[in-house]
Each structure stands twice: as structure tokens, then as C-alpha cells.
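Working notes for the structure below.
The values are calculated or read from the model by the stated rules, or taken from the named source; none is laboratory data. What you see is a predicted model; the values in this text were computed from it and never measured. Because the Cβ atoms are built from the backbone with ideal geometry, glycine has one as well, and the counts that use them run over all protein chains shown. Please note that ligands, DNA and RNA were not included when accessible areas were found on the heavy atoms of the full protein model with its side chains. Shrake-Rupley method; radii C 1.70, N 1.55, O 1.52, S 1.80 Å.
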Amino acid sequence: MTHSIGFIGLGNMGGPMAANLVKAGHRVTGYDLAPEALRHAEEVGIRPARSAAEAVREADLVISMLPAGRHVLAAYAELLPAVGPGTLFVDCSTIDVADARAAHELAVDAGHRAVDAPVSGGVVGATAASLTFMVGAEKEHFESARPVLEAMGRKVVHCGAPGAGQAAKICNNMILGISMIAVSEAFVLGESLGLSHQALFDVASTASGQCWALTSNCPVPGPVPASPANREYAAGFAAALMAKDLGLAAGAADAAGLPTELGRRAAQLYADFAAAEGAGLDFSAIITTLRAGGK
Ligand code: NAD
């Protein structure tokens, strides 16, 4: 089934995601505040609109890929009255769980359907249509969104009720952010003990220290040739985005009254690194601050 899709937010992620929907045969009308993003979208077959409301006027499905919760809530205020009844809203942005639930409620109150569907896989995954989608939705709305998500990704997981997609995203990234620091600290300690990077990798990658931060995104050059450490930490997954996601995890932990001590410490380390010089570098470059003693 092909859809008429309104796509709001055609940046680093949204641009290539919308392009893959065009390739899959959907009719896509897009809007972005940045004229350059809109121009680029037009080149790949997306019909440009002059406003968010215009982009969704003929849509039966609306996708948003925006920076943060406040952008999504502001966009929904404009979009919800502009579409026909029962339109399906799919927010793929990474936002606060509370904002995701608020956006869902706004949509339902306006007579529409809504799911949260944040992604993992970065710009590479968005371009190659190999993203993982983590979806929070009522079952039937998940099933309605699934074919469209499959045109942009390789794996689509129903995580539970509205908000559960965002919850899964920040919990996963909290594991990732902390484990990258654990791996980095181990390499820094190993260096000071005279252990070669390769020796530590050969042991830990086949022993109980094994994890994605070590075996796929190794923070030192050499053992994993494709990891960002081999190209001066060109991202990859930028440290600024990791700081953002860990901030969302800390906010959710505040709301739940949970200490999540390592998650909060990791959030601080990435935020300091991003504010200093590392915002655009891959998050594995955090090892350079740990070598220097951190803060
Ligand atoms: P981006 O800054 O490249 O794109 C966001 C776009 O939204 C920009 O082009 C901006 O002009 C546009 N925008 C902002 N407010 C708008 C509005 N009111 N109406 C229309 N357009 C508006 O960011 P990105 O890297 O594409 O990330 C988008 C979301 O995806 C974020 O929530 C991010 O956390 C998440 N994410 C990013 C990555 C990644 O690797 N870049 C990976 C996973 C998830």
C-alpha cells in the first residue's frame, strides 16, 4: 500500500529517510525550516512545501524527525488541525519520554493516531535504509506504521505502549555510553601497565569484557580497522548526540526517582567533552579526556 506522506524535518537523518520512502513508491511532501535541506530533498524526489501545515494537507501519514521534544510538540500544534481525521503520526525523533507521551495524547485528543518510533543506526543506516526502529504504540497502530518503517529500516521492534520506543532508545544508549567509558578506562589503565592494545583486545573481546563498544567501535586504533578511532574519531555517533541521549536518560531517572549513578556520571563526561572540543567527534573519542584525567 502506498501512502501520501508529510515529512517534517529533512536534516541529516530525515533527508535520507524521506528519500527512501520516495524510492519505495510513496508520495512524499516535505518541510524543513532550513531552505538548503528543502532544496536537497527536492533533488531526490520529495515535493517541497512552504510550511509544515502545507506539507501534511494531503497526507494520510505524517513523519517527524526533529531535534528535541519542544520542536515536536510545537510542530504537532500546527500539524494536528491541518490533517484529516484518523491520520497516523509517526515521530522518529529522539525525545524525552514525557514529551513523547504528551505528543501522543495531543494527537489522540485531536482525533488522530500516534506512535513514537525513534531510531538507531545513524546517518549511515538512514541512507542505507538499515535503521532499527523502536516503537511505542497500541498494537494496531504499530501494525499500520510497520510497512512504512520497513521501507526505511531493517528491524522494527514493538516495545510496548506509547512512549516505550523512547524508553528503549534511552536505556540502550545509557548502556552504550557507560560501556564505552568502561572500555576506554580499561585501555587507559592497560597502557599505563604496559599492556598492548591488541593484547587487551584479544583477551577482552573473547572473554567476559566483550561488548559492542569494544568489538565494533573500539576506542583505540588498530584492533577493529573500521572503528572511528582509525580515522581520527570522525563520527560515527557524535559525542554531542550521546550527551543529549544521556541527558534524556537522566531526566527520565529523575522523574522515576532513580539514582542511575553511572548514567549520570557518563552524561556529565560526554557533556563536558562536547562543550570543550568533542561535540562533532565520535563518542569513542571520550578516551582522550580519560587519558588526560577527565574532569
Ligand atoms: P538535524 O539537525 O540534522 O536535523 C533536524 C532538522 O529539523 C533540521 O534540518 C532543522 O532545520 C529541522 N527543523 C527544526 N525545527 C523544525 C520545524 N519546526 N519545522 C521543520 N523543520 C525543523 O538532526 P538529525 O541528525 O537529523 O537528528 C534528528 C533526530 O534524530 C534527533 O532527535 C536526533 O537525536 C535523532 N537521531 C540522530 C542520529 C544521528 O546519528 N544523527 C541517530 C539517531 C537518532
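Key figures for this structure:
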read-out	value
Criterion (surrounded by 18 or more Cβ atoms within 10 Å (Cβ to Cβ) and touching a Leu at 6+ places or on another chain (Cβ under 8 Å)) met by exactly one of HIS112, HIS104	HIS112
Total residues in the stretch 91-114, condition more than 13 Å from the ligand (Cβ to nearest atom) and either within 13 Å of PHE7 (Cα to Cα) or of a type in the set (D, E, K, R) (or both)	4
Leading residue by the ranking (farthest from the ligand (Cβ to nearest atom)) among those in the stretch 41-54 that are open to solvent by 40 Å² or more (accessible area, probe 1.4 Å) and either of a type outside the set (D, E, K, R) or assigned to a strand (DSSP E or B) (or both)	GLY45
Residue check, SER192 out of contact with any His (no Cβ under 8 Å at 6 or more places or on another chain), of a type in the set (Ser, Thr, Tyr), buried (at least 17 other Cβ atoms within 10 Å of the Cβ) and farther than 30 Å from GLU143 by Cβ	no
Residues of the stretch 149-166 that turn out to be part of a helix (DSSP H, G or I) and open to solvent by less than 30 Å² (accessible area, probe 1.4 Å), as a count	4
Tally of residues being farther than 18 Å from LYS169 by Cα and either in a helix (DSSP H, G or I) or touching a Pro at 6+ places or on another chain (Cβ under 7 Å) (or both) across the stretch 197-216	10
Enumeration of residues in the stretch 199-232 that are open to solvent by 30 Å² or more (accessible area, probe 1.4 Å) and either on the phi > 0 side of the Ramachandran plot or among the small types (Gly, Ala, Ser) (or both)	ALA199, ALA207, SER208, GLY209, SER216, GLY222, ALA226, GLU232
Unique residue being modelled with pLDDT of 95 or more, away from the ligand (no atom under 12 Å from the Cβ) and either in a helix (DSSP H, G or I) or loosely packed, with under 15 Cβ neighbours inside 10 Å (or both) when the list is LEU38, LEU21, LEU33	LEU21
Any hit, the stretch 74-81, residues being more than 11 Å from the ligand (Cβ to nearest atom), over 22 Å from LYS139 (Cα atoms) and open to solvent by 30 Å² or more (accessible area, probe 1.4 Å)	yes
Top-ranked residue of the stretch 115-129 - restricted to ones that are of a type outside the set (Ser, Thr, Tyr) and part of a helix (DSSP H, G or I), ranked as nearest to the ligand (Cβ to nearest atom)	GLY122
Filter result for TYR270 (surrounded by 18 or more Cβ atoms within 10 Å (Cβ to Cβ), among the aromatic types (Phe, Trp, Tyr) and farther than 29 Å from ARG101 by Cα)	no
Residue check, LEU269 within 16 Å of the ligand (Cβ to nearest atom) and either touching a residue at least 12 places away in the same chain (Cβ under 8 Å) or under 16 Å from the mean Cα position of the chain (by Cα) (or both)	no
Restricting the stretch 1-10 to residues that are of a type outside the set (A, V, I, L, M) and open to solvent by less than 40 Å² (accessible area, probe 1.4 Å), the residue that is nearest to the ligand (Cβ to nearest atom)	GLY9
